[in-house]
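Participant: Can you read through this structure? Questions will come right after.
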Amino acid sequence: MNAPRPTSLLCELTYRCNLQCPYCYNPLDLESYRDELPTETWLRVVAEAAAMGILHVGLSGGEPTLRRDLPEIVAAASRAGLYTNLITQGTFLDDARLDTLLAAGLEHVQISVQAPTEALADQIAGTRVHANKERAIERVMRRNVALTLNCVLHRGNHDAIADVIAFAERHGIAKLELANVQFYGWAYRNRAALLPTREQIERALVVVAAARARLAGRMQIAYVLPDYFGDRPKACMNGWGQAFLTVTPDGRVLPCPAAAAIRTLHFERVQDRPLAGIWESSESFVTYRGTAWMPEPCRSCDRREIDWGGCRCQAFLLTGDAGATDPVCGLSPEHERVIAALGVDGGEPLIPRRMKQPV
Amino acid sequence: MTGTVVPRMSRGVRFHRDPDGSAMLLVPEGIVRLNDSAAATLELVDGRRTLTAIVDALCVRYAVPREDASRDVDDLIERLSRRGYVDR
Ligand SMILES: C[S@@+](CC[C@H](N)C(=O)[O-])C[C@H]1O[C@@H](n2cnc3c(N)ncnc32)[C@H](O)[C@@H]1O
Ligand code: SF4
Ligand code: SF4
């Protein structure tokens, strides 16, 4: 089968991070990624991506600003005509760093906060960072740079959603992403304690609808229903191997940032083969590309080229089979597993994200 | 909308045309594909032309009735500004 043209590349430059968000979707075995790609390999990856027709590059992690060569990578992407988006928690974004990145051609910044108030935010992050982030937000706003504010929502902060919106308003934010926690990596591990309740979601929908009406033309508010509460899955990554690639800090090329969790697949590395070849014909991309791999009920479903059977990583985590229909789908024979998770009341303590894998 | 409005791309939004002719917007969250008529319109959104000027240019280029062009342009700009891609 011919590979479609990819459009977007996510560069996970490092998994190092000074925060310990228990909702982080990064993998649990962070230590196995310590051997980070050198600058010249990232520059080659970016150049190869542009040659493949990719137009959009996200720079993420971990905390991407911990890489000293970030401006160089941004500059290379920018020179190649790629749109550059820095996805950061902002604690290192001082004036000098920000100006260097902007001079390198950075087009958009996304800063995440854990909560609208210092006490709760610092508690979730596991360290004192909120005040610092707020200053980073102000710095970006002062420079008139496109900024998205991101806040990951879970049981512990869902009810603060009105205050998150007020926080964004106070800072003049034009784009707010209220991102319901997705259950991969550390978030999957902490799922029982992170899952919001149905009541929280219902209340949030009311708050969001009112805020959207009130702030129309001033602030875009994204609030996507969490997967577990829907009846049909989302088109994860616009389909496996259809548009997106992720490169991990150690060079693994993934069809989805969460895919390394799928133990049944082998992921090739950019050190071993050009990106285009990996995209077109590596086992991990080919296995679930298109529709031929699909089991029933997907195989004969009208939505098979709309949601592509949902998320492979979620299917693997919930059923042990990455080739199953995403259990989030109401038509999946394993949908019970999602319903069962919703019934669990999470009294369990949250495990903070650390470099060392929890037992 | 009045014709004197000058629409412009929002911050962090960039119009892109591929060598193969296909057009899209590059936006913070990814790529938005554009059909031919949206692309023809957005190519004229440069932060200087008024809506009237954009409609004029489209009428000349595509020999379409003014009323239709004007309605389509208003419609497109309205939709894109609601999504935060165009300021007006
Ligand atoms: C893994 S982080 C890396 C960048 C940076 N360290 C940060 O947190 O902003 C990438 C983005 O995903 C968000 N995020 C992290 N875990 C998530 C999860 N389980 N579900 C949804 N979004 C998540 C973060 O808020 C951030 O905007
Ligand atoms: S989500 Fe939190 S822990 Fe994970 S990389 Fe970002 S700031 Fe660090
Ligand atoms: S059966 Fe498969 S293709 Fe149909 S809606 Fe469910 S996940 Fe999507």
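The values are calculated or read from the model by the stated rules, or taken from the named source; none is laboratory data. It should be emphasised that the depicted structure is a prediction, and the values quoted were computed from it without experimental measurement. FYI the Cβ positions are ideal-geometry reconstructions off the backbone, even for glycines, and counts take in every protein chain you see. These area figures cover heavy atoms from the full protein model, side chains too; ligands, DNA and RNA do not enter into them. Shrake-Rupley method; radii C 1.70, N 1.55, O 1.52, S 1.80 Å.
Participant: Is it the case that A:E296 is open to solvent by 50 Å² or more (accessible area, probe 1.4 Å) and within 11 Å of ligand 3 (Cβ to nearest atom)?
Facilitator: For A:E296, the condition - open to solvent by 50 Å² or more (accessible area, probe 1.4 Å) and within 11 Å of ligand 3 (Cβ to nearest atom) - is met.
Participant: A follow-up question, please. Check the stretch A:183-206 and report whether any residue there is within 15 Å of ligand 1 (Cβ to nearest atom), among the hydrophobic types (A, V, I, L, M, F, W, C) and closer than 25 Å to A:V57 by Cβ.
Facilitator: yes
Participant: Listed residues B:A57, B:A38, B:A69, B:A63; which is without any contact (Cβ under 8 Å) to a residue 60 or more places away in the chain and either within 14 Å of chain A (Cβ to nearest Cβ) or under 26 Å from A:N238 (Cβ atoms) (or both)?
Facilitator: Numbers: B:A57 fails: either within 14 Å of chain A (Cβ to nearest Cβ) or under 26 Å from A:N238 (Cβ atoms) (or both); B:A69 fails: either within 14 Å of chain A (Cβ to nearest Cβ) or under 26 Å from A:N238 (Cβ atoms) (or both); B:A63 fails: either within 14 Å of chain A (Cβ to nearest Cβ) or under 26 Å from A:N238 (Cβ atoms) (or both).
Just one listed residue meets the conditions, B:A38.
Participant: A:S284 versus (1) surrounded by fewer than 24 Cβ atoms within 10 Å (Cβ to Cβ); (2) in contact with a strand residue (DSSP E or B) (Cβ under 8 Å, 6 or more places away or on another chain): which is the lone unmet condition?
Facilitator: Checking A:S284 against (1) surrounded by fewer than 24 Cβ atoms within 10 Å (Cβ to Cβ); (2) in contact with a strand residue (DSSP E or B) (Cβ under 8 Å, 6 or more places away or on another chain), the one that fails is (1).
Participant: A follow-up question, please. I'd like to know if the stretch A:26-40 contains one or more residues that are within 23 Å of A:A179 (Cα to Cα) and not aliphatic (A, V, I, L, M).
Facilitator: Looking through the stretch A:26-40, at least one residue is within 23 Å of A:A179 (Cα to Cα) and not aliphatic (A, V, I, L, M).
Participant: Name the residue, out of A:V74, A:V113, A:V129, that is over 26 Å from A:V270 (Cα atoms), of a type outside the set (D, E), buried (at least 24 other Cβ atoms within 10 Å of the Cβ) and away from chain B (no Cβ under 14 Å).
Facilitator: A:V113
Participant: Could you say whether any residue in the stretch B:72-88 is more than 27 Å from A:L82 (Cβ to Cβ), β-branched (V, I, T) and surrounded by fewer than 17 Cβ atoms within 10 Å (Cβ to Cβ)?
Facilitator: No; the residues of the stretch B:72-88 include none that is more than 27 Å from A:L82 (Cβ to Cβ), β-branched (V, I, T) and surrounded by fewer than 17 Cβ atoms within 10 Å (Cβ to Cβ).
Participant: Hey, can you tell me all the residues within the stretch B:36-65 that are part of a loop (DSSP other than H, G, I, E, B), surrounded by 14 or more Cβ atoms within 10 Å (Cβ to Cβ) and in contact with a strand residue (DSSP E or B) (Cβ under 9 Å, 6 or more places away or on another chain)?
Facilitator: B:E43, B:V45, B:D46
Participant: Hey, another quick one. Keeping to the stretch A:257-274, report how many residues are over 29 Å from A:A187 (Cα atoms) and either open to solvent by 80 Å² or more (accessible area, probe 1.4 Å) or in contact (Cβ under 8 Å) with a residue 12 or more places away in the chain (or both).
Facilitator: Residues meeting the conditions: 3.
Participant: Same structure, new question: Sort out which residues of the stretch B:1-35 are within 14 Å of the chain's Cα centre (by Cα), without any contact (Cβ under 8 Å) to a residue 12 or more places away in the chain and surrounded by fewer than 14 Cβ atoms within 10 Å (Cβ to Cβ), and write them in order of number.
Facilitator: B:R33, B:N35
Participant: Applying the selection to the stretch A:324-350, what residues are over 20 Å from A:Y25 (Cβ atoms) and buried (at least 17 other Cβ atoms within 10 Å of the Cβ)?
Facilitator: Result: A:A324, A:T325, A:C329, A:S332, A:E334, A:H335.
Participant: Can you find a residue in the stretch A:334-341 that is in a helix (DSSP H, G or I), within 30 Å of A:Y15 (Cα to Cα), away from ligand 1 (no atom under 16 Å from the Cβ) and of a type in the set (D, E)?
Facilitator: No, the stretch A:334-341 has no match at all.
Participant: Sticking with this structure for a sec: Counting only residues that are small (G, A, S) and either crowded, with 21+ Cβ neighbours inside 10 Å or within 16 Å of ligand 3 (Cβ to nearest atom) (or both), how many does the stretch A:1-54 have?
Facilitator: Count: 2.
Participant: While we're on this one: Out of the residues in the stretch A:23-66 that are more than 19 Å from the chain's Cα centre (by Cα) and outside any helix (DSSP H, G or I), which is nearest to ligand 1 (Cβ to nearest atom)? It would help to see each step written out before you state the result.
Facilitator: Within the stretch A:23-66, the subset more than 19 Å from the chain's Cα centre (by Cα) is A:31-32, A:34-53.
Checking which are outside any helix (DSSP H, G or I) leaves us with A:34-38, A:52-53.
On the way: A:R34: 17, A:D35: 19, A:E36: 15, A:L37: 17, A:P38: 21, A:M52: 23, A:G53: 24 Å.
Going through the qualifying residues, I end up with A:E36.
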